[in-house]
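In what follows, a single structure is set out as structure tokens and then discussed.
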Amino acid sequence: MWRYIVLAAVVVSIILFGVSLIDASSSDEVRASTILMSSADTSGFARAFDARDWQFPRDFGPHPDYQTEWWYYTGNVATEDDRRFGFQFTIFRRGIAPGEAADGSEWRTDQLYMAHFTVSDVADDQFFHEERFSRGSAGLAGATVDPAYRVWLENWEVRALDADATQTQITADTDVYGINLILDQVKPAALQGDSGLSQKSDAPGNASYYYSLSRLATQGQIRIGDRTFSVTGYTWKDHEFGTSALGADALGWDWFGLQLDDDRELMVGQIRLVDGERDPYFGGLLVNPDGTTEYLDAESFTIESTDTWTSPHTGAVYPSGWTIRVNPSGSAPFSLMLTPQILDQELHGGGIAYWEGSVRISGDLTGYGYAELTGYVDAMTGRF
């Protein structure tokens with residue numbers, strides 16, 4: 001999966017004067033635009049050209065030689081009486097310069113962090129979202145695998161509960177809602193694209209390194225106001241890192257991470273181009289019950305919108321409902337119908353507005369998943 005975020009004029013001064021000059025109280029100025037900044041200098045950063053020798057749990061951690069990285073968790077969970085919730089928990093890292101800062105000051109850093117945290121309360125048709133920003137210094141935010149896997153921004157964090165990070169815990173809390181969830185890895189890491197090299201356009205290096213943990217058994221609590229719900233279900237994790245992934249003519253993308261009730265998982269997506277076409281270089285992945293995978297090229301599936309929804313917050317018109325037809329080479333073709341569990345799952349009021357929310361799957365197979373839609377409010381052209 002790829003992820004987002006927009007730019008603002010303040011970034012220019014931050015880049016010119018150095019992130020080390022920002023004190024801890026200025027986080028309001030370190031906007032989402034700083035995290036993914038198209039005009040930031042990419043010289044010196046590594047690019048994703050060739051296959052990678054993946055090593056876990058090492059590769060669960062940070063890769064500061066690459067400019068952009070994110071750890072992305074989405075889940076669908078329910079109480080015993082089937083009250084359903086969705087959640088998204090994502091931490092982004094953006095490098096101003098490659099590697100870790102060599103200076104000895106605990107305040108100096110070349111890494112900026114942003115986090116998005118949402119909960120969808122399906123029964124009450126409520127969508128909660130919040131974002132935070134910080135610098136990767138003085139313990140405010142960071143990512144590590146030494147001595148154990150941990151990614152955090154203030155008191156929002158995911159951390160390993162065992163040495164090989166097959167069991168993790170996500171904790172995040174706001175004044176209105178919060179989660180405390182334990183995730184158990186069910187399947188091995190699924191390498192997206194060509195053995196984890198995910199090409200985003202025809203230009204060499206316009207790619208990222210990308211793996212998924214497509215089925216994490218999940219249990220814990222979700223809090224809404226003064227009510228706490230015990231829940232179980234499944235979570236999907238994406239971890240992706242690279243430099244200059246998208247092509248110059250990319251408008252936005254539609255991405256789907258789907259967990260099917262037959263114990264398979266499906267990732268499909270499309271990069272929408274400014275001329276209305278679909279980039280042929282990005283495909284999908286089908287994960288089998290035993291954890292083996294089948295790459296899906298762009299010709300082996302179709303994504304058709306079946307409805308639209310107009311945001312009352314931004315005025316954007318999003319697709320809202322889809323038919324996805326998949327024709328894998330190793331198994332029978334199937335057709336899925338996706339329906340948002342809540343229409344309004346738009347993140348707005350921050351660096352960029354986009355729709356990311358829980359969907360219910362029907363058709364030839366059933367299940368739940370997540371959809372992410374960008375470029376419907378502001379074009380992503382030249383931003384990532």
Between residues in the stretch 50-65 that are farther than 25 Å from Asp110 by Cβ and residues that are outside any loop (DSSP other than H, G, I, E, B) and of a type in the set (A, V, I, L, M), which pairs lie under 6 Å by C-beta distance while being six or more apart or on different chains? Ala51/Leu197
Of the conditions (1) closer than 24 Å to Ala207 by Cα; (2) buried (at least 18 other Cβ atoms within 10 Å of the Cβ); (3) modelled with pLDDT of 50 or more, Ile5 clears all except one; give me its number. (3)
Looking at the structure I just gave you, is Gly99 without any contact (Cβ under 8 Å) to a residue 40 or more places away in the chain and over 30 Å from Gly291 (Cβ atoms)? yes
Within the stretch 52-101, residues being of a type in the set (Phe, Trp, Tyr) and closer than 21 Å to Ala371 by Cα number 8
Positions within the stretch 69-99 being farther than 14 Å from Val122 by Cβ and not in a strand (DSSP E or B), in sequence order: Glu80, Ile96, Ala97, Pro98, Gly99
Quickly run through the stretch 322-350 and pick out the residues that are surrounded by fewer than 20 Cβ atoms within 10 Å (Cβ to Cβ) and of a type in the set (Phe, Trp, Tyr). Phe334
Checked the stretch 279-305 for anything at pLDDT below 95, out of contact with any Gly (no Cβ under 8 Å at 6 or more places or on another chain) and more than 20 Å from Leu336 (Cα to Cα); matches are Pro280, Tyr281
Considering only the stretch 233-242, I want to know if a residue exists there that is surrounded by fewer than 19 Cβ atoms within 10 Å (Cβ to Cβ) and either under 22 Å from His129 (Cβ atoms) or not charged (D, E, K, R) (or both). no
Being within 28 Å of His348 (Cα to Cα), among the small types (Gly, Ala, Ser), assigned to a loop (DSSP other than H, G, I, E, B) and modelled with pLDDT under 95 narrows it down to one residue among Ser43, Ser38, Ser105, Ser13; which is it? Ser38
For residues in the stretch 351-371 being more than 14 Å from Val122 (Cα to Cα), over 16 Å from the mean Cα position of the chain (by Cα) and touching a residue at least 60 places away in the same chain (Cβ under 8 Å), which is surrounded by the fewest Cβ atoms within 10 Å (Cβ to Cβ)? Thr366
Of Leu286, Leu260, which residue is surrounded by fewer than 24 Cβ atoms within 10 Å (Cβ to Cβ) and of a type in the set (A, V, I, L, M)? Leu260
So, in the stretch 140-160, exactly how many residues are farther than 17 Å from Glu69 by Cα, in contact with a Phe, Trp or Tyr (Cβ under 9 Å, 6 or more places away or on another chain) and not in a strand (DSSP E or B)? 1
Which strands (runs of 3 or more DSSP E) does the stretch 177-268 wholly contain that include 2 or more residues that are without any contact (Cβ under 8 Å) to a residue 60 or more places away in the chain and of a type outside the set (S, T, N, Q)? 177-185, 207-224
Just need a number here: residues in the stretch 272-299 that are part of a loop (DSSP other than H, G, I, E, B) and out of contact with any Pro (no Cβ under 7 Å at 6 or more places or on another chain). 14
Kindly establish whether Thr302 is more than 20 Å from the chain's Cα centre (by Cα), in a strand (DSSP E or B) and either in contact (Cβ under 8 Å) with a residue 40 or more places away in the chain or buried (at least 19 other Cβ atoms within 10 Å of the Cβ) (or both). no
Check on Ile324, under 21 Å from the mean Cα position of the chain (by Cα), in a strand (DSSP E or B) and modelled with pLDDT under 95: no
Selection status of Ala143, at pLDDT 95 or above, more than 26 Å from Ala78 (Cβ to Cβ) and either of a type in the set (Gly, Ala, Ser) or surrounded by fewer than 22 Cβ atoms within 10 Å (Cβ to Cβ) (or both): yes
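The values are calculated or read from the model by the stated rules, or taken from the named source; none is laboratory data. If you're wondering where the values come from, they're calculated on a predicted model, not measured in any experiment. Using ideal geometry, Cβ is built from the backbone for each residue, glycine included, and neighbour counts are taken over all protein chains shown.
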